[in-house]
Amino acid sequence: MKTMHVPIFKGEGQLEYEDRPVPQPEHPTDVLVKIEACGICGTDLNILATPPAHKATPGIIIGHEGVGVVAKVGPDVTGLKPGDQVVIAPRLTCGQCEYCRRGLDNQCTNYKTIGTTTDGAFAPYLKAPESALYKISANVPRDDAALFEPLSCVVGTVTRTPVQAGDNVAIIGAGPMGLLFAQMYRTLGAGKIIVADIAPFRLNFAEEMGVDETLNPNEVDLPQAVKELTGLGVDIVVDAVGNQMNTAIKLARRGGHVILFGLRPHDNPAVNQYTITRYDLTLHGAFVGLKPFEQTIQLLESRRLQPLSIEGCLAGQELVQ
Ligand SMILES: [Zn+2]
Ligand SMILES: [Zn+2]
């Protein structure tokens, strides 16, 4: 039996290498994928944090932002063939719970996730059901394709807020997710895009990427600086950190929208509710989106949004090969 040397999640804060058999298609709709790259998600870091900020089943291989090539297909696989480049939509929803039946599959109460509850893609080979895989043109470079899953969360989230051509947008957090939002809003025709972060290297990178304005809240009064740049405040604010709601509501213009995207389960920020009511703000909690996968494939294949197109891209260094 062929084996592979893979990192196994062993429980709180522990990752250890073990030899495991190379998986084989078991069910007729299973596909075996030869993984070529896999991004490290904030979720992976949260799984390994102490205390953990995201649950995972001990004994599994983590990693869910994988791209690879189909190696083998089960007899009932109809849409994929060996040699196809594929990406992973890791949440396997049940289709039967009350939320799935209402079309709110992102709130499925009975889901499994590749790389969290079943073996994931930090491995040379992944076995996955055909329904979790999406074919993507070989013209999309491997490293851009590896950002399919995080980008799909952004595609699924921007649908929550109307965005008009020329809208000003502020994004709190210049990590990979914040910068994907910046690229997305640029693609959607936003006006000024402002990115805030306390890490200078992230802000430098955002600037290289062509973000209009970068602000460091350790150096400036963020709400005041955003007002100076925009007059009224921005039309849309994205909190890509997960505990910045109190700041976010101060950056929006009256009648503006605030998208709460980041996930920080242990934080519990105090919020001034009066501001939300008095200034007619609309807040959106947004979690991964409702099946944004086809559109994400179309966007990546159009090459209109190229997540890693910038030379010396820092995000590229996070890719594991
Ligand atoms: Zn992810
Ligand atoms: Zn369900």
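Numerical summary
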| read-out | value |
| --- | --- |
| Stokes-Einstein D (µm²/s) once Rh is taken as the Kirkwood radius of the stretch 166-222 over alpha-carbon pairs, at 10 °C in 1.306 mPa s | 145 |
| Calculated on alpha-carbon atoms, Rg and Dmax of the chain in Å | 20.3, 66 |
| Extension gain, Glu12 back to Leu290 (0.36 nm per residue minus Cα-Cα distance, nm) | 97.0 nm |
| Computed FRET value (nearest 0.05) for Ala138 with His27, which takes r as the C-beta separation and R₀ as 30 Å | 0.65 |
| Cross-link reach list, lysines versus Lys192, counting only Cα pairs under 16 Å and skipping chain neighbours closer than eight places | Lys227 |
| Full-stretch length increase - Met4, Glu98 - with 0.36 nm per residue and alpha-carbon distance subtracted | 29.9 nm |
| Overall Cα dimensions of the stretch 1-84, principal axis frame, Å, largest first | 43, 27, 21 |
| The stretch 1-89: GluC sites (Glu not before Pro) in DSSP coil with no more than 11 other Cβ atoms inside 10 Å | Glu26 |
| Förster-model FRET efficiency, 22 Å R0, Tyr279 and Glu219, C-beta, rounded to 0.05 | 0.25 |
| Estimated Rh, the stretch 37-156: Kirkwood, alpha-carbon pairs, angstrom | 15.1 |
| Scattering curve values for the stretch 167-321, log₁₀ I(q)/I(0), Debye with Cα scatterers, q = 0.08, 0.21 Å⁻¹ | -0.23, -1.48 |
| Reachable aspartates and glutamates, given that their alpha-carbon falls under 17 Å from the alpha-carbon of Lys127 and they are not under 8 places away in the same chain | Asp19, Glu26, Asp30, Glu36, Glu65, Asp76, Asp84, Asp119 |
| Rough spin-label spacing in nm, given labels placed 7 Å along Cα→Cβ, for Lys72 and Ile40 | 3.1 |
| When each of Lys72/Lys291; Lys2/Lys55; Lys250/Lys291; Lys72/Lys135 is checked by Cα-Cα distance, pairs over 21 Å | Lys72/Lys291; Lys2/Lys55; Lys250/Lys291 |
| Amide N proximity, the stretch 14-40 versus Ser131 label position 7 Å along Cα-to-Cβ, cut-off under 15 Å | 27-31 |
| The chain: calculated mean residue ellipticity at 222 nm from DSSP helix runs of at least 4, using -39500 (n - 2.57) | -6500 deg cm²/dmol |
| Whether the stretch 119-215 is rounded, prolate or oblate, judged on the alpha carbon gyration tensor where a/c under 1.5 counts as rounded | prolate |
| Candidates per trypsin sites (Lys or Arg not before Pro) in the stretch 1-63, loop by DSSP, up to 13 other Cβ within 10 Å | Lys2, Lys55 |
| Most positive-pole-ward Cα, Ala240, Leu180, Leu104, against dipole of the chain from beta carbon charges | Leu104 |
| Whole-percent pair-distance distribution, where bins are 10 Å wide, for the alpha carbons of the stretch 68-107 | 26, 32, 31, 12 |
| Difference of contour (0.36 nm per residue) and Cα-Cα distance, Asp267 to Thr50 | 76.7 nm |
| Kirkwood Rh (inverse of mean 1/r, distinct Cα pairs), the stretch 3-50, angstrom | 12.9 |
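Coordinate-derived values only; no laboratory data. Predicted model, so just to flag it, every value in this text is computed and none were measured. Methodologically, a virtual Cβ is constructed for each residue, glycine included, from the backbone with ideal geometry; neighbour enumeration extends over all protein chains shown.
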